[in-house]
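This report concerns only the one structure given below.
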Amino acid sequence: MQLRRTTDDDSEREENPEQGLHLPDDTTEARQIQVERVLVLGVTSKTFTRDELAAAFEKFEATVDRAAQTRDWDPWVDQYSPDVTYVEHAMGTMHGRDEVRPWIWATMETFPGSYMTSFPSLWSVIDESTGRIICELDNPMRDPGDGTIISATNISILTYAGDGQWCRQEDIYNPLRFVAATRKWCRKAQELGTLPDEAAEWLRQFGGNK
């Protein structure tokens, strides 16, 4: 079966024509950079080589991929330091593994997270000066039955703490894009007769009139 990829970008632009038109001026960008550096330096004062950061991120991706395949989310959480700060723009800020762990389990075991098959990075940038990895993560959903791949992406910023652990993660995304992608998946599955009950319930709540 040949896979084909569909995205919701075009429909998103049509529904939200103003999206992406607001650009910060130079002073705003400079202030933002200064604030980010202060925040990161407050998290970690250690420095790591590019090779260390690259190897740590490669391990992080492998662990997340294994968690997605086994649906055991504990190894993913165990990559964070005990006092990790996790900033999730839709859900708020979590402090420590004890707050992150139940959130990840609940998110990944509830539709639509339970139908996301992997979380690969599409690209990544290493910032040695701050010990950070900036990446775009894909969130593809399982095949609804005809080979279609429907997905949405987010930007993640991870700050390395050393010894294979990460002391901060921030996820940046537009929740409406994830809603649109999930809605598209549900309607495709409904058309193919493969829509599961939990997805049908989600669609009843968030499907809108389209």
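Observations on the model:
- Qualifying residue in the range 110-126 (condition: in contact with a Gly (Cβ under 7 Å, 6 or more places away or on another chain) and either of a type in the set (A, V, I, L, M) or part of a helix (DSSP H, G or I) (or both)): no
- For the range 184-210, taking the residues that are among the small types (Gly, Ala, Ser) and in contact (Cβ under 8 Å) with a residue 40 or more places away in the chain, the one that is nearest to Ile155 (Cα to Cα) is identified as Ala199.
- For the range 138-183, a residue qualifies if it is assigned to a helix (DSSP H, G or I) and touching a residue at least 60 places away in the same chain (Cβ under 8 Å), and the qualifying residues are Pro175, Leu176, Arg177, Phe178, Ala180, Ala181, Thr182.
- You will find that of Glu136, Glu170, the residue that is buried (at least 17 other Cβ atoms within 10 Å of the Cβ), farther than 20 Å from Arg204 by Cβ and at pLDDT 95 or above is Glu170 and no other.
- Scope the range 152-187; condition charged (D, E, K, R) and in contact with a strand residue (DSSP E or B) (Cβ under 6 Å, 6 or more places away or on another chain); matching residues: Arg168, Glu170, Asp171, Lys184
- Residue list for the range 186-210, restricted to those being out of contact with any Pro (no Cβ under 6 Å at 6 or more places or on another chain), part of a helix (DSSP H, G or I) and surrounded by 14 or more Cβ atoms within 10 Å (Cβ to Cβ): Cys186, Arg187, Gln190, Ala199, Ala200, Trp202, Leu203
- Residues that are among the aliphatic types (A, V, I, L, M) and touching an Asp or Glu at 6+ places or on another chain (Cβ under 7 Å) were ranked within the range 95-134; the one that is nearest to Thr182 (Cα to Cα) is Leu122.
- For the range 75-96, the count of residues that are at negative phi, touching a Pro at 6+ places or on another chain (Cβ under 6 Å) and free of Cβ contacts under 8 Å to residues at least 24 places away in the same chain is zero.
- Cross-chain or 6+ apart pairs with Cβ under 7 Å, the range 51-64 first and over 13 Å from Leu158 (Cα atoms), then assigned to a helix (DSSP H, G or I): Thr63/Pro75; Thr63/Trp76; Val64/Trp76
- Positions within the range 127-137 being in a strand (DSSP E or B), over 14 Å from Glu61 (Cβ atoms) and either touching a Leu at 6+ places or on another chain (Cβ under 6 Å) or acidic (Asp, Glu) (or both), in sequence order: Asp127
- Residues of the range 143-155 include at least one that is surrounded by fewer than 20 Cβ atoms within 10 Å (Cβ to Cβ), of a type outside the set (Lys, Arg) and touching a Cys at 6+ places or on another chain (Cβ under 9 Å).
The values are calculated or read from the model by the stated rules, or taken from the named source; none is laboratory data. The structure presented is a predicted model; accordingly, all values stated were derived computationally and were not measured. As a convention, Cβ positions derive from the backbone with ideal geometry for all residues, glycine included, and neighbour counts pool all protein chains shown.
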